[in-house]
Amino acid sequence: MNLSTFSFPTTIVFGAGSVNRLPDELNNRKIRRPLLVTDAGIQRTPVFERVQNLAPAAMIFTNVDPNPIEQNVLDGVAAYQQASCDGIIALGGGSPLDAAKAIRLLATHGGPLAGYDDNLDGSTRISSNLPPYIAIATTSGTGSEVGRSAVITVKATNRKTVIFSPYLIPSVALADPELTLDLPPHITAGTGMDAFTHNVEAYLAKGYHPMCDAIALAGAKLVWDNLPRVMDHPHDLEARSNMMMAAIMGAVAFQKGLGAVHSLAHPLSTECGMHHGTTNAILLPAVLEYNRSAEPERIAHLATLLGGGDAADRVRELNHRVSIKPRLRDWGVSEAILPALADKAVQDGCHQLNPRSCTREDLLELYRQAY
Ligand SMILES: [Zn+2]
């Protein structure tokens, strides 16, 4: 029998100004000394100042890499314990939010992080005994603020490792589109395309899930309609709100699963330092073409939603519209590294739910097409 297990349980306070709820949310959870996890880039912005003023007792931790690594997590746990913290505020894009989830985990669970690898049934070792965690997103992409997974590069394998448990869901997400008004254009584009890819991959992922499918289609359409708007008018609050909602919808939908785009993208971040969402944007057209024989009707339906014609071409147009250079070679990736990337991509769990199965050779061919 094929059973589906799902839930949509994250408490989300959504809307302009929702970040002002932070003092109440801290009080409600009796958090007196939170660890505020963010990164050095955000620390220099007015958004950081605003949040710090709302949580003056917070201990600040900013040592999070753009693609978070295990050492960031260990340093964060040390800071948490040294300051006798009793809860976590995560502020940022996917990197601080994911790092903070792993800090939250290791604050009460023993290491090493590799022991919680979802590929190795790590979720069975994660209990509900975790400190409260308030997530505040500053980008509209990852959806980590509503999700139950963290992606951390672990020392032992230098591989992006998914840690997954329903207990990792934030206690509350404050989703405030005002915080995204001053995002730089390339971050708006890259994170927006991450949200788009989450919705598209979730819609095409294997498995019976009409609820996630409906959310994914609506989320993809929101990105299609609103990402060009925010690129042209960064302070358009309605379009920024729609992008933030699309990112949340993507993360809710991808509990159904993701696909080959994410397996291909992860090694490009760990080995070549590429931005996650931007990498997804570059790879998505080739993977859509690869998947067409497995899911012709769904891909045709997606194309209709995006104005008709060919879905992969529509995505290429969207990339062009938001100024993402379309080929891996444009981003300084060397062709010689592609076979090594394929070795890593085939070990990544995301492609297990891709609608068309992928061998290492298939993944290498997809890299070559995107190259
Ligand atoms: Zn992603």
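The values are calculated or read from the model by the stated rules, or taken from the named source; none is laboratory data. Treat the numbers as computed from the prediction; the structure is a model and nothing was measured. Using ideal geometry, Cβ is built from the backbone for each residue, glycine included, and neighbour counts are taken over all protein chains shown. These area figures cover heavy atoms from the full protein model, side chains too; ligands, DNA and RNA do not enter into them. Shrake-Rupley method; radii C 1.70, N 1.55, O 1.52, S 1.80 Å.
Looking only at the range 269-295, count every residue that is more than 16 Å from the ligand (Cβ to nearest atom) and either open to solvent by 70 Å² or more (accessible area, probe 1.4 Å) or of a type in the set (D, E, K, R) (or both) and tell me the total.
Total meeting the criteria: 5.
Six or more apart or on different chains, Cβ under 7 Å: which pairs go from a residue in the range 133-145 that's open to solvent by 10 Å² or more (accessible area, probe 1.4 Å) to one that's part of a loop (DSSP other than H, G, I, E, B) and not small (Gly, Ala, Ser)? Could you list them?
THR139/LEU183
If you check LYS101 against the conditions, is it in contact with a His (Cβ under 9 Å, 6 or more places away or on another chain), crowded, with 22+ Cβ neighbours inside 10 Å and not in a loop (DSSP other than H, G, I, E, B)?
Judged against the criteria, LYS101 is not a match.
Being within 22 Å of the chain's Cα centre (by Cα) and open to solvent by less than 50 Å² (accessible area, probe 1.4 Å) is the filter here, so list the residues in the range 347-364 that pass it.
Answer for the range 347-364, where residues must be within 22 Å of the chain's Cα centre (by Cα) and open to solvent by less than 50 Å² (accessible area, probe 1.4 Å): ASP348, GLY349, CYS350, HIS351, ASN354, PRO355, LEU363.
Quick one: would you say LYS256 is within 16 Å of the ligand (Cβ to nearest atom), among the charged types (D, E, K, R) and in contact with a helix residue (DSSP H, G or I) (Cβ under 6 Å, 6 or more places away or on another chain)?
Taking the combined requirement at face value, the residue satisfies it.
Give me a count of the residues in the range 26-65 that are open to solvent by 70 Å² or more (accessible area, probe 1.4 Å), of a type in the set (Asp, Glu) and touching a Ser or Thr at 6+ places or on another chain (Cβ under 8 Å).
0
Can you find a residue that is within 14 Å of the ligand (Cβ to nearest atom) and buried (at least 24 other Cβ atoms within 10 Å of the Cβ) anywhere in the range 208-215?
No, the range 208-215 contains no residue that is within 14 Å of the ligand (Cβ to nearest atom) and buried (at least 24 other Cβ atoms within 10 Å of the Cβ).
Checking the conditions here, which among ALA253, ALA303, ALA218 is open to solvent by 10 Å² or more (accessible area, probe 1.4 Å) and either aliphatic (A, V, I, L, M) or under 15 Å from HIS186 (Cα atoms) (or both)?
Checking each option against the conditions leaves just ALA218.
Since ALA107 meets every condition but one in (1) of a type in the set (Gly, Ala, Ser); (2) touching a Gly at 6+ places or on another chain (Cβ under 7 Å); (3) modelled with pLDDT of 95 or more; (4) in a helix (DSSP H, G or I), which condition does it not meet?
Going through the list (1) of a type in the set (Gly, Ala, Ser); (2) touching a Gly at 6+ places or on another chain (Cβ under 7 Å); (3) modelled with pLDDT of 95 or more; (4) in a helix (DSSP H, G or I), ALA107 breaks only (2).
With of a type in the set (Val, Ile, Thr), surrounded by fewer than 24 Cβ atoms within 10 Å (Cβ to Cβ) and either part of a strand (DSSP E or B) or within 16 Å of the ligand (Cβ to nearest atom) (or both) as the only criterion, which of VAL151, VAL162 stands out?
VAL162
Residues of the range 66-79 being open to solvent by less than 20 Å² (accessible area, probe 1.4 Å) and farther than 25 Å from SER269 by Cα, which ones?
Matches in the range 66-79: ALA79 only.
Please enumerate the residues belonging to the range 189-207 that are away from the ligand (no atom under 14 Å from the Cβ), part of a helix (DSSP H, G or I) and open to solvent by 10 Å² or more (accessible area, probe 1.4 Å).
TYR203
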